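J.: Would you mind keeping the following structure in view while I ask a few things?
Read-outs: derived from the displayed coordinates by stated rules, not from any lab. Worth saying up front: this structure is predicted, and the values here are computed from it rather than measured. Here Cβ is always computed from backbone atoms with ideal geometry, including for glycine, and neighbour counts include all displayed protein chains.
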Amino acid sequence: MVRWMLGLAAAIALSGGAIAQTAVQRGDYLVNSILTCGNCHTPRGPGGVFDMSRQLSGGPQTWDEPTFKVKGSNITPDKDSGIGGWSDADIKKALQQGVRPNGTPLAPIMPFNFYKIFLSADLDAVVAYLKSVPAVKNEVMPPIYKTAMQGEGPPGTDKQANPADMNDPVNRGFYLVTIGHCMECHSPLVNGRHDFGNLGKGGQEFKGPWGVAVSRNITSHREKGIGAWTDAEIKAAITQGKRKDGSPLKPPMGYGLYAKMTDGDLDAVVAYLRTVPPKE
């Protein structure tokens with residue numbers, strides 16, 4: 001009995017207060033919450049609702065940019081139209097280096113440079129989960145590249161995170177915000193490239209059925225950013241799509257997916273955002 005209790009306590013401690021998860025369960029949590037993979041890789045039905053019968057089989061949106069034209073890929077285990085023929089190493093290389101098994105690059109709309117920070121266990125978990133979802137046959141248009149592909153991540157995201165750092169809320173929040181590629185949308189673009197010198201300043205425009213959404217300033221600036229927001233107000237924006245005054249945020253902010261995050265992870269995200277230098 002004592003040995004069993006010690007084992008249970010260890011499992012709880014390792015999982016931050018929750019019963020230890022399998023790799024597939026951890027991958028499910030990551031893919032369907034902070035990573036928001038469905039935003040780009042899952043078809044949508046009426047009203048823009050995810051069609052979970054075709055989960056991760058290819059997104060509804062086509063990005064037609066000056067340097068590329070791509071659509072969210074089929075990342076189910078279908079061998080013909082998805083990634084069913086890819087090895088674990090192939091999937092990891094695509095996630096972290098932006099290269100398919102045949103050597104074709106991924107467009108930087110896929111935030112592979114943000115994924116270099118992945119903890120080994122989390123990367124393994126994502127791969128395990130992707131291999132566990134139902135295979136869906138769905139041929140997606142091949143990418144069109146108009147110039148050489150390149151991408152970049154914010155400072156400090158170019159190497160793997162240290163598991164020991166995850167005990168600190170700010171470090172853990174930085175890790176989560178990075179794999180969630182939040183700053184991909186919330187940092188300004190200058191000549192088509194991210195200006196991470198103004199990390200979190202916002203200002204990017206996103207067009208869709210909702211009209212035009214502009215990413216807001218999520219720095220600690222008290223007037224222009226979220227420095228004067230309470231923790232609860234920041235969490236409501238992340239998980240419910242509500243501004244400080246209660247008015248709704250526009251898509252493509254994935255608050256429906258962020259609502260699945262644990263309280264501990266949300267607390268860590270808020271702790272990190274409070275350290276982002278204020279920007280006008």
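J.: Give me the number: length gained by fully extending SER53 to ASP267, i.e. 0.36 nm times residue separation minus the C-alpha to C-alpha distance, one decimal in nm.
T.: That pair, SER53 and ASP267, stretches by 73.8 nm at full extension.
J.: Select one label from [x] 15.9; [y] 19.6; [z] 14.7: the one whose number is mean projected area of the Cα convex hull in nm² as derived from the coordinates shown.
T.: [x]
J.: Further question: Taking other Cβ within 10 Å of each residue's Cβ, how do ILE117, ILE109 sort, fewest first?
T.: With the sparsest Cβ surroundings first, the list reads ILE109, ILE117.
J.: Another question, then. Under 17 Å from the 7 Å Cα→Cβ point of LYS260, by amide nitrogen: which residues of the range 20-43?
T.: So the set is 21-43.
J.: Among the lysines, select those whose C-alpha is under 23 Å from the C-alpha of LYS71, and discard any that sit fewer than 8 residues away in the same chain.
T.: In chain and number order, the partners are LYS79, LYS92, LYS93, LYS116, LYS131, LYS137, LYS146, LYS207, LYS250.
J.: With +1 assigned to the C-beta of every Lys and Arg and -1 to the C-beta of every Asp and Glu, and no other charges, what is the dipole magnitude of the range 22-151 about the Cα centre in debye, to the nearest 20?
T.: Roughly 140 debye, rounded to the nearest 20.
J.: Please get the size of the charge dipole for the chain, origin at its Cα centre, with Cβ charges of +1 on Lys and Arg and -1 on Asp and Glu, quoted in debye to the nearest 20. Each step should come with its number before you reach the end.
T.: On the way: 30 positive and 26 negative charges, 64 e Å.
The dipole of the chain has a size of about 300 debye.
J.: Which residues' amide hydrogens lie under 5 Å from the amide hydrogen of PHE68, considering only partners 5 or more residues apart or on another chain, with H built in the peptide plane?
T.: Amide H to amide H, under 5 Å and 5 or more residues apart or across chains, PHE68 pairs with LYS146.
J.: Also: Amide H neighbours of GLN61 under 5 Å, counting only residues 5+ apart in sequence or on other chains, H built in-plane at 1.01 Å?
T.: Amide H neighbours of GLN61, under 5 Å, 5+ apart: GLY72.
J.: Next question, about the same structure. Amide H of VAL140 versus every other amide H placed in the peptide plane: which residues, excluding those fewer than 5 positions away on the same chain, fall under 5 Å?
T.: The list, which skips near neighbours in sequence, is ASN74.
J.: Which value in nm describes the separation of the simple spin-label points at SER132 and PHE196, placed 7 Å from the Cα toward the beta carbon?
T.: Inter-label distance under the simple model: 3.1 nm.
J.: Tabulate in residue order the Karplus-calculated ³J(HN,Hα) for the range 138-154, using 6.51 cos²θ - 1.76 cosθ + 1.60 with θ = phi - 60°, rounded to whole Hz; enter x for Gly and Pro.
T.: 7, 6, 9, 3, x, x, 10, 10, 9, 7, 5, 7, 8, x, 8, x, x
J.: Connecting C-alpha atoms closer than 10 Å in a GNM of the chain, tell me which of ALA213, ALA148, ALA228 has the biggest fluctuation.
T.: Its mean-square fluctuation being the largest, the pick is ALA148.
J.: I'd like the distance separating the alpha-carbon centroids of the range 224-260 and the range 100-167, in whole Å.
T.: After rounding, the separation between the Cα centres reads 26 Å.
J.: To the nearest 20 Debye, how big is the dipole of the range 186-280 about its Cα centre, given +1 on the beta carbon of each Lys and Arg and -1 on that of each Asp and Glu?
T.: So the dipole magnitude of the range 186-280 works out to roughly 240 debye.
J.: Starting from the Cα-Cα distance between ASP165 and GLN150, subtract it from 0.36 nm times their residue separation and give me the gain in nm to one decimal.
T.: Stretched fully, the ASP165-GLN150 segment lengthens by 2.5 nm.
J.: For the chain, what does -39500 (n - 2.57) per DSSP helix run (n ≥ 4), summed and divided by total residues, give at 222 nm, in deg cm²/dmol to the nearest 500?
T.: About -9000 deg cm²/dmol.
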